[in-house]
Amino acid sequence: MKIRINTFVGLLLLSTLFISSCKLHSELPNIIAEEIPVPVLESSVIQIPVEVNLQPIINYANSKTDKIIRNPEYPNFTTFEGVEGPRASYDVTRDALTGTMQGNLFKAGTTAAYGIAGDYCSEIVWGKCIHPRIPFSCGTNGEEKRKVKIGFSSKVEITSSYGLKTHTTVSEVTPIDPCKMTFLKIDMTNKIMDAIRPSLNDCAKFIDEQSKSTNFKSLAQDAWKQLWTPIEIDGYGFLSINPNEISVSQLNGTGQLLKFNIGLRANPKFTFTKDSTLIVPVLPALKTNAKSNSEFVFNMPIISSYTDLTNHLKKNFNEKTFKSEDGKQTILIHNLALSGKGNSTIVLEMNCDLKIGIKKFKNATLIFTMNPVYDSKNQMLELHDVQLQSDKNHLLLQAGTELFQKVIAKKIQEYGKTDFKPILESNKKSISDQLHKQLDKNTTLNGQVNNLKILGVYPSENNLVIHTQAIGVLNLKMSGYSFE
């Protein structure tokens with residue numbers, strides 16, 4: 001009787017195998033479908049040192065300010081100190097302006113040549129000159145012109161509306177060759193210096209007024225648009241910087257180099273396809289910051305489809321047959337596809353032919369789940385916890401455990417490994433190459449990625465999101481530009 005019961009159980013199991021549908025399809029547990037959002041990366045902080053050659057500014061100042069200063073009545077005389085004083089006319093011709101930066105001050109200066117012609121009354125009675133006026137000259141009538149050093153000091157700031165603000169003062173009016181008529185005991189030097197100083201003050205005001213009309217918002221808008229335009233990394237995809245804040249540090253400089261830092265706060269990302277729906281936001285107001293280093297830190301998600309990993313596994317599985325150790329279970333894999341469930345789980349759907357014992361299945365569908373794990377030490381992406389899924393606990397799927405878990409699951413883990421070291425090194429070089437470019441004929445960008453690492457791997461529903469961090473330096477140099 002015992003033998004008959006065992007036989008009956010065996011026949012029941014066998015009949016169950018035969019009664020089972022010819023279409024074998026494993027299913028995902030409901031819990032797998034619960035959404036767990038991908039963590040949000042911190043905003044990136046980018047510091048870009050900018051060097052501006054001041055010579056174009058100096059050239060502009062030379063072209064826009066008068067080279068000759070004369071008394072208002074020239075060539076007629078101007079009376080100094082009333083009737084009893086001397087009368088004179090003067091003209092001052094400056095050389096080309098030169099300029100240098102000293103911290104946040106722009107120092108402009110020149111040497112000028114001046115000449116004086118006039119007369120002097122030796123005696124005045126009742127407010128009238130009673131003797132013929134005595135003529136004198138200095139640097140005129142064939143004499144070599146006298147020299148004077150003239151200097152301006154201008155504190156320079158950049159405004160929040162992308163304008164320029166200066167506060168300019170006359171810092172020096174120093175005669176090199178005094179204009180002294182010894183026989184008359186008259187020193188006209190200081191009188192002439194005092195006379196030309198108001199004109200120099202007017203020149204300083206002119207510089208400040210001109211600076212108010214200087215606005216580089218259109219240039220900033222063009223740069224802002226470029227920063228929002230995806231950069232193609234040849235052979236890989238597109239880097240989008242996506243800035244949301246722009247700032248500038250205090251101006252500083254030495255010699256003819258003006259230096260400052262442009263700061264960006266951004267949310268960069270890397271995609272394998274170009275975003276065709278890009279909308280560039282409005283240029284924000286310019287902020288100020290105290291930082292002056294050259295480092296940038298890109299916290300950047302790489303948005304990848306599951307296609308690459310799918311193709312990698314297809315090379316090792318498609319149209320290949322795998323057997324259990326005893327040879328009683330075989331699987332011929334026709335095709336497979338990877339997708340995500342938005343909760344750190346990757347789903348592999350496999351189309352195959354199965355043979356389990358004496359039962360055969362054509363075009364069976366098997367579903368495996370797995371978790372991607374990134375080994376930062378070895379820079380290797382691995383697939384862990386590979387499991388065949390079935391809510392219905394299909395007897396045939398249970399019977400094929402040896403084949404599925406000991407063979408297929410291990411093979412998925414083996415073939416699913418991705419070595420990111422060469423990929424990171426290659427990307428680091430490619431991004432660095434793209435950061436060395438001539439933006440226009442006057443502007444050069446130089447950059448270098450010193451470290452590129454993966455922070456985490458997250459399988460979202462539609463894409464495999466790889467959080468990366470790039471650390472490096474940038475530098476922007478401007479020269480040869482024009483204000484015209």
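The values are calculated or read from the model by the stated rules, or taken from the named source; none is laboratory data. Nothing here was measured: the structure is a model prediction, and the numbers come from that model. FYI the Cβ positions are ideal-geometry reconstructions off the backbone, even for glycines, and counts take in every protein chain you see.
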Qualifying positions in the stretch 196-239 - of a type in the set (Phe, Trp, Tyr) and farther than 18 Å from Lys155 by Cβ:
Phe216, Trp224, Trp228, Tyr236, Phe238
Among the residues of the stretch 372-419, what is the count of those that are in a helix (DSSP H, G or I) and at pLDDT 85 or above?
9
Output the residues belonging to the stretch 327-349 that are in contact (Cβ under 8 Å) with a residue 40 or more places away in the chain and within 17 Å of Gln405 (Cα to Cα).
Gln329, Thr330, Ile331, Ile346, Val347, Leu348
Looking at (1) under 16 Å from Val248 (Cβ atoms); (2) modelled with pLDDT of 85 or more, which is the one condition that is false for Lys291?
(2)
Name the single residue, out of those in the stretch 267-289 being in contact with a strand residue (DSSP E or B) (Cβ under 7 Å, 6 or more places away or on another chain) and hydrophobic (A, V, I, L, M, F, W, C), that is nearest to Thr159 (Cα to Cα).
Leu286
Cβ-Cβ under 7 Å, sequence separation 6+ or interchain: first residue in the stretch 57-74 and more than 18 Å from Val173 (Cα to Cα) and free of Cβ contacts under 8 Å to residues at least 40 places away in the same chain, partner of a type in the set (D, E, K, R) and surrounded by 15 or more Cβ atoms within 10 Å (Cβ to Cβ). Which pairs?
Tyr74/Asp91
When Gln250 is run through (1) in contact (Cβ under 8 Å) with a residue 12 or more places away in the chain; (2) in contact with a strand residue (DSSP E or B) (Cβ under 8 Å, 6 or more places away or on another chain); (3) not assigned by TED's automatic domain parsing to the domain that holds Ile303, the failure sits at (3)
Of the residues Thr444, Thr468, which is buried (at least 17 other Cβ atoms within 10 Å of the Cβ) and polar (S, T, N, Q)?
Thr468
Taking the stretch 361-384, which residues are touching a strand residue (DSSP E or B) at 6+ places or on another chain (Cβ under 7 Å) and of a type in the set (D, E, K, R)?
Lys362, Asp375, Glu382
Only residues that are of a type in the set (S, T, N, Q), part of a loop (DSSP other than H, G, I, E, B) and surrounded by fewer than 17 Cβ atoms within 10 Å (Cβ to Cβ): list them for the stretch 344-371, please.
Ser344
Looking at (1) of a type outside the set (Gly, Ala, Ser); (2) modelled with pLDDT under 80; (3) within 18 Å of Phe296 (Cβ to Cβ); (4) assigned to a helix (DSSP H, G or I), find the lone condition where Leu474 falls short.
(4)
Show me the strands (runs of 3 or more DSSP E) entirely contained within the stretch 155-240 in which 3 or more residues are assigned by TED's automatic domain parsing to the domain that holds Ser44.
231-233, 237-240
Return a yes/no flag: does the stretch 109-129 have any residue that is touching a residue at least 12 places away in the same chain (Cβ under 8 Å) and aromatic (Phe, Trp, Tyr).
yes
On the basis of being modelled with pLDDT under 85 and under 30 Å from Ile58 (Cα atoms), does Ser304 make the cut?
no
Considering the stretch 130-158, residues that are surrounded by fewer than 17 Cβ atoms within 10 Å (Cβ to Cβ) and within 33 Å of the chain's Cα centre (by Cα), and then whichever is nearest to Ile116 (Cα to Cα), we arrive at Lys155
Here is a list: Ala113, Ala96. Which entry is in a strand (DSSP E or B) and either of a type outside the set (Lys, Arg) or under 30 Å from Gln55 (Cβ atoms) (or both)?
Ala113
For the stretch 220-247, which positions are surrounded by fewer than 17 Cβ atoms within 10 Å (Cβ to Cβ) and without any contact (Cβ under 8 Å) to a residue 40 or more places away in the chain?
Asp222
Residue hits (the stretch 313-329; closer than 21 Å to Gln389 by Cβ, modelled with pLDDT of 90 or more and assigned to a strand (DSSP E or B)) are Phe322
